[in-house]
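What follows is a set of notes on a single structure, which appears directly below.
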Amino acid sequence: MELKRKDLFQTKAYINGEFIDANTQKTFPVYNPYSGEKIADVADCGAEETRVAIDMASEAFKTWRQYTGVQRSRILHKWFQLQLQHKKDLATILTLEQGKPLNEAIGEIKYGASFVEWFSEEAKRAYGDMIPGHQRDTRFVVIKQPVGVVAALTPWNFPSAMITRKVAPALAAGCTVVIKPSELTPLSAIALAVLAEEAGIPPGVFNVVTTNDAPQVGNEMTSNKKVKKLSFTGSTAVGKLLLKQCADTVKKVSMELGGNAPFIVFDDADIDDAVAGALSSKFRNAGQTCVCSNRILVQEGIYDEFIEKFTAQVQDQKMGNGLDKDVVVGPMIQEKAVASVESLVQNAVSHGAEVLCGAKRHGATDSLIFEPTVLGNVTSEMEIFNKEIFGPIAPVYKFKTEEEVIELANDTEYGLAAYFYSRDYARIWRVGEQLEYGMVGINSPSVSSTLAPFGGVKESGMGREGSKYGMDEYLELKSMLWAGIK
Ligand code: SIN
């Protein structure tokens with residue numbers, strides 16, 4: 001591995017400004033999903049280290065909250081600059097532990113850094129309000145204050161950007177943070193801590209607890225009274241569990257959970273645009289994002305043309321080691337992820353779906369690369385219709401009418417992202433307003449941006465990340481009534 005800044009590759013937890021081993025000296029292995037090789041042994045912390053990190057974050061909160069927004073802004077801005085400056089190294093570490101192609105990893109580092117830049121600016125804008133009083137001599141003043149210590153649990157599919165998307169608004173608001181990165185991808189988190197320290201983020205303000213025992217660390221985070229807010233990105237099943245655990249101490253929560261995104265192509269769409277959009281939305285990160293299109297619904301008049309063009313482009317994608325040039329589809333994260341998509345494909349095929357390409361592992365029988373797959377003749381009765389696929393499988397459904405497709409699209413407990421392609425402006429409004437989703441891409445596959453609120457409805461979660469709304473998740477409103485103004 002060629003890194004310019006070799007010190008970005010660290011394997012210890014980062015608590016109160018120090019890189020530390022686990023109290024037990026235990027470590028856990030991290031593997032490269034492409035080669036299967038072990039790339040590091042990382043500190044395996046438990047409840048005790050988590051408690052210390054929370055205590056330290058609670059102490060640090062007393063001073064960090066006193067910094068002015070401008071002071072916090074400057075420090076965050078420096079962190080942003082360092083991330084961009086070292087993007088190639090950060091991306092290399094990310095590809096090594098996660099598998100996504102290097103260009104995509106560089107894209108993730110820039111995407112992640114954009115949250116730090118954005119919230120470095122927002123740090124100065126925690127504006128309050130003045131409300132005329134209910135009596136002549138009164139006025140209400142509403143101020144925004146940081147919630148306190150934040151615990152964040154972040155996923156393996158975006159090992160860097162999902163951290164900055166939570167940490168940047170929290171720090172901008174004046175909160176301090178303890179994060180637990182996924183045990184599959186802890187190295188990107190620790191690299192961010194190296195740069196956080198270099199940027200001048202004070203000890204205790206940003207802490208990284210690495211562990212192979214997520215339930216133990218998660219339990220400490222959800223039960224500890226000093227933690228005032230929990231932010232989680234991951235599966236709906238784990239999100240529900242964390243919500244229950246947070247109930248006892250009534251924590252503020254943000255949940256960015258699973259999705260089952262419909263990608264609808266109407267007869268009046270620009271087909272080439274829709275094909276390009278479906279390709280990009282479906283195969284980003286080998287299909288392992290919660291906003292990847294999960295059900296491609298194509299109107300009957302253009303179904304054959306769409307299928308033909310789409311399948312040709314899907315087959316054309318180069319698979320392999322994310323560090324190799326031109327590779328666009330890397331390995332999936334681990335064996336059980338591949339087994340899960342294999343089982344979905346088998347179920348669909350046994351119920352009449354047609355394999356148009358892919359549907360098998362690439363290369364060796366134990367390879368974690370699953371070939372980009374298109375399935376035709378898929379119906380809503382198949383298991384794949386209701387499941388979040390989280391892999392490079394594109395099931396294509398045929399529909400007849402607008403009413404039918406809206407019903408199909410909304411027929412899921414999820415409500416994160418949806419996409420549709422049409423050139424009829426009245427239809428665009430009708431469909432856009434009827435889709436029960438937090439984010440809708442109209443003639444575009446790219447709903448993810450620092451500039452817009454990211455988040456879902458229904459069982460896809462609660463709260464929004466990014467945008468002018470993102471910092472509110474880490475702020476409490478306080479209303480102060482002033483009387484005696486005579
Ligand atoms: C996710 O899959 O969790 C996030 C995807 C994104 O930010 O685009």
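Listing for the model above:
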{"read-out": "Point-charge dipole on Cβ atoms (K/R +1, D/E -1) for the chain, about Cα centre, debye to 20", "value": "2300 debye"}
{"read-out": "Cα-Cα P(r), the chain, percent of pairs per 20 Å interval", "value": "24, 53, 21, 2, 0"}
{"read-out": "For segment 193-297, fraction of C-alpha pairs farther apart than 19 Å, in %", "value": "63 percent"}
{"read-out": "Fraction of beta bridges assigned by DSSP in segment 210-363 that are antiparallel (%, nearest 5)", "value": "0 percent"}
{"read-out": "Unit charges at the beta carbon, dipole of the chain: most positive-side option, 50, 217, 314", "value": "50"}
{"read-out": "Three-way shape label, segment 292-378, alpha-carbon gyration tensor, a/c 1.5", "value": "oblate"}
{"read-out": "Candidate aspartates and glutamates for bridging to residue 486, where Cα separation is under 14 Å - those fewer than 8 sequence places away on the same chain excluded", "value": "137"}
{"read-out": "In segment 1-70, trypsin sites (Lys or Arg not before Pro) in a DSSP loop with at most 11 other beta-carbon atoms within 10 Å", "value": "4"}
{"read-out": "Estimated inter-spin distance, residue 407 and residue 380, nm [label 7 Å along Cα→Cβ]", "value": "0.6 nm"}
{"read-out": "Quarter of Cα convex hull surface for segment 105-228, i.e. mean projection, nm²", "value": "9.8 nm²"}
{"read-out": "Cα centroid of segment 220-246 to Cα centroid of segment 6-46, whole Å", "value": "23 Å"}
{"read-out": "Magnitude of the charge dipole, segment 390-486, Cβ model with Lys/Arg +1 and Asp/Glu -1, debye to 20", "value": "420 debye"}
{"read-out": "Beta bridge orientation in the chain: antiparallel %, DSSP, nearest 5", "value": "40 percent"}
{"read-out": "Segment 241-349 - Kirkwood radius from inverse mean 1/r over Cα pairs (Å)", "value": "16.6 Å"}
{"read-out": "Proximal lysines relative to residue 6, as straight alpha-carbon distance under 19 Å, when same-chain residues fewer than 8 apart are discounted", "value": "38, 87, 88"}
{"read-out": "Charge dipole of the chain about the Cα centre (unit charges at C-beta), most positive-ward option of 285, 418, 83", "value": "83"}
{"read-out": "Kyte-Doolittle mean at least -1.0 and Cα axial length at least 27 Å: DSSP H helices in the chain", "value": "102-122"}
{"read-out": "Debye intensity ratio I(q)/I(0), log10, segment 59-141, q values 0.11, 0.13, 0.23, 0.26 Å⁻¹ (C-alpha model)", "value": "-0.49, -0.60, -0.98, -1.08"}
{"read-out": "Partners for residue 360 among lysines (Cα-Cα distance below 22 Å; same-chain residues under 8 apart left out)", "value": "100, 282, 309, 318, 336, 387"}
{"read-out": "Hz values of 3J(HN,Hα) by residue in segment 391-400 - Karplus curve (6.51, -1.76, 1.60), Gly and Pro given as x", "value": "x, x, 10, 10, x, 10, 10, 9, 10, 9"}
{"read-out": "Cβ-based net charge around residue 473, under 14 Å, with every Lys or Arg adding one and every Asp or Glu removing one", "value": "+4"}
{"read-out": "Test item: Cα-centred dipole of segment 255-359, Lys/Arg +1 and Asp/Glu -1 on Cβ, debye", "value": "580 debye"}
{"read-out": "The chain - mean residue ellipticity at 222 nm from DSSP helices (-39,500 (n - 2.57) per run, n ≥ 4, rounded to 500)", "value": "-12000 deg cm²/dmol"}
{"read-out": "Rh (Kirkwood; distinct C-alpha pairs) - segment 1-148, Å", "value": "18.8 Å"}
{"read-out": "Fraction of accessible area attributable to carbon and sulfur, the chain (%, probe 1.4 Å)", "value": "50 percent"}
{"read-out": "Coarse-grained scattering of segment 383-472 at q = 0.22 Å⁻¹, given as base-10 log I(q)/I(0) from a Debye sum over alpha-carbon atoms", "value": "-1.29"}
{"read-out": "Full-extension gain in nm, residue 130 to residue 316, via 0.36 nm per residue minus C-alpha separation", "value": "61.1 nm"}
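The values are calculated or read from the model by the stated rules, or taken from the named source; none is laboratory data. No experiment lies behind these values; they were computed from the predicted model shown. Cβ atoms come from the backbone with ideal geometry, glycine included; neighbour counts cover every protein chain shown. To get the accessible areas, we keep the full protein, side chains included, count just its heavy atoms, and leave off ligands, DNA and RNA. Shrake-Rupley method; radii C 1.70, N 1.55, O 1.52, S 1.80 Å.
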